[in-house]
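A quick write-up on the structure given underneath.
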Amino acid sequence: MSNFVVRRLLSVIPIAFIVLITVFLLLHIGPGDPAALIAGENATRDQIEAIRERLFLDRPLLEQLYLYLSNVVRFDLGQSAYSGFPVVQLILQRVEPTAVLALSTLTLSVLIAVPMGVWGAWRAGSAIDTFLIVASVVGFSVPVFVIGYVLVDLFALRAGWLPVQGYKPLSSGLWNCLRSITLPSITLAFLFSALVARITRATMLEVLAEDYIRTARAKGAKNPRILIVHALKNIGVPVVTVVGTSFAALLGGVVITESVFNIPGMGRLTVDAILTRDYPVVQGVLIVFSFVLIVVNLLVDLSYALFDPRVRQ
């Protein structure tokens with residue numbers, strides 16, 4: 001087990017290096033001069049040159065890469081070309097809304113999807129199973145922004161139960177924060193829970209067809225014991241894997257959902273930076289999102305040591 005953990009931890013180093021190189025090259029392989037795009041159409045040559053100097057674009061490419069990597073190691077992602085504030089400061093100001101939205105969506109999705117998938121597999125072919133399949137297909141197919149606008153119309157505009165948009169920080173009280181994040185969380189949970197429920201159902205069907213399940217039934221084990229003791233613990237690896245790997249889709253949905261609900265999080269920061277051509281901020285957000293995915297995938301790999309007995313040997 002220790003060798004497995006060490007290998008997974010060491011594998012993060014080359015992956016992180018490749019991610020940093022890729023994000024760096026995105027600024028240089030695009031069409032046009034980044035400094036001219038940031039400065040705008042009416043900028044003078046002196047203004048463009050000042051931006052090039054501030055972003056080190058006037059240096060040789062290898063020197064730019066060295067400065068870029070050394071700054072990232074020191075947690076220095078540069079300054080915003082639009083506001084002049086440090087990129088790290090702008091990101092830290094937007095972390096809380098995105099983190100609360102992602103965690104609430106993840107919790108809501110798992111609490112809904114795993115029981116639905118298990119129950120659908122246990123009652124395979126029944127009306128409940130059919131409903132689960134249809135709901136999963138619909139939830140996975142409908143665009144996130146469509147679900148968001150429908151929920152706003154039903155529960156905010158017509159019923160008036162929840163706010164239309166905006167975010168209340170945790171400092172304003174847990175209830176106010178959860179109330180402001182409910183509609184965005186449900187919106188993202190439609191997509192996320194649909195995928196988790198389908199994988200849970202498919203995995204549970206395979207587990208229920210195993211010989212040890214038939215043996216447990218032959219010994220007179222009750223249905224709840226078969227599900228909880230024998231079957232449920234053996235679907236841990238696939239479910240944890242799909243939850244972790246689907247986190248990328250969750251982050252992508254955050255970008256759209258935060259724009260729909262006007263939440264001042266990382267997604268909204270990304271959209272604003274793209275619209276204002278603030279390349280340092282876009283670059284910084286890409287780095288943060290990429291490293292979050294690396295950490296999530298690492299945690300998924302390490303979780304195998306808990307669910308897979310072969311890894312513990």
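Restricting attention to segment 270-281, the residues being in contact with a Ser or Thr (Cβ under 7 Å, 6 or more places away or on another chain) and not in a loop (DSSP other than H, G, I, E, B) number 3. Among residues of segment 77-110 being in a loop (DSSP other than H, G, I, E, B) and touching a strand residue (DSSP E or B) at 6+ places or on another chain (Cβ under 8 Å), the one that is nearest to PHE291 (Cα to Cα) is LEU77. Scanning segment 185-202 for residues being polar (S, T, N, Q) and more than 13 Å from MET116 (Cβ to Cβ) gives a total of 2. Among the residues of segment 39-88, those that are under 17 Å from VAL281 (Cβ atoms) and open to solvent by 80 Å² or more (accessible area, probe 1.4 Å) comprise ARG54, PHE75, GLN79, TYR82, PHE85. Taken over segment 85-129, the criterion of being modelled with pLDDT of 85 or more, closer than 27 Å to GLU210 by Cβ and of a type in the set (S, T, N, Q) is satisfied by SER109 alone.
All of LEU157, LEU174 fail the test of being open to solvent by 60 Å² or more (accessible area, probe 1.4 Å), without any contact (Cβ under 8 Å) to a residue 12 or more places away in the chain, more than 23 Å from the chain's Cα centre (by Cα) and within 22 Å of ILE263 (Cα to Cα), apart from LEU157. Considering segment 180-229, and only residues there that are within 30 Å of LYS168 (Cβ to Cβ) and among the hydroxyl-bearing types (Ser, Thr, Tyr), the residue that is surrounded by the fewest Cβ atoms within 10 Å (Cβ to Cβ) turns out to be THR182. Would you mind stating whether THR182 is farther than 18 Å from ASN262 by Cβ and hydroxyl-bearing (Ser, Thr, Tyr)? Spelling it out, it is not the case that THR182 is farther than 18 Å from ASN262 by Cβ and hydroxyl-bearing (Ser, Thr, Tyr).
The values are calculated or read from the model by the stated rules, or taken from the named source; none is laboratory data. Bear in mind that the values here come from a model prediction, so they are computed numbers and not experimental data. No Cβ is skipped: glycine too gets one built from the backbone with ideal geometry, and neighbour counts run over all protein chains shown. Side chains included, ligands, DNA and RNA excluded: accessible areas come from the protein's heavy atoms. Shrake-Rupley method; radii C 1.70, N 1.55, O 1.52, S 1.80 Å.
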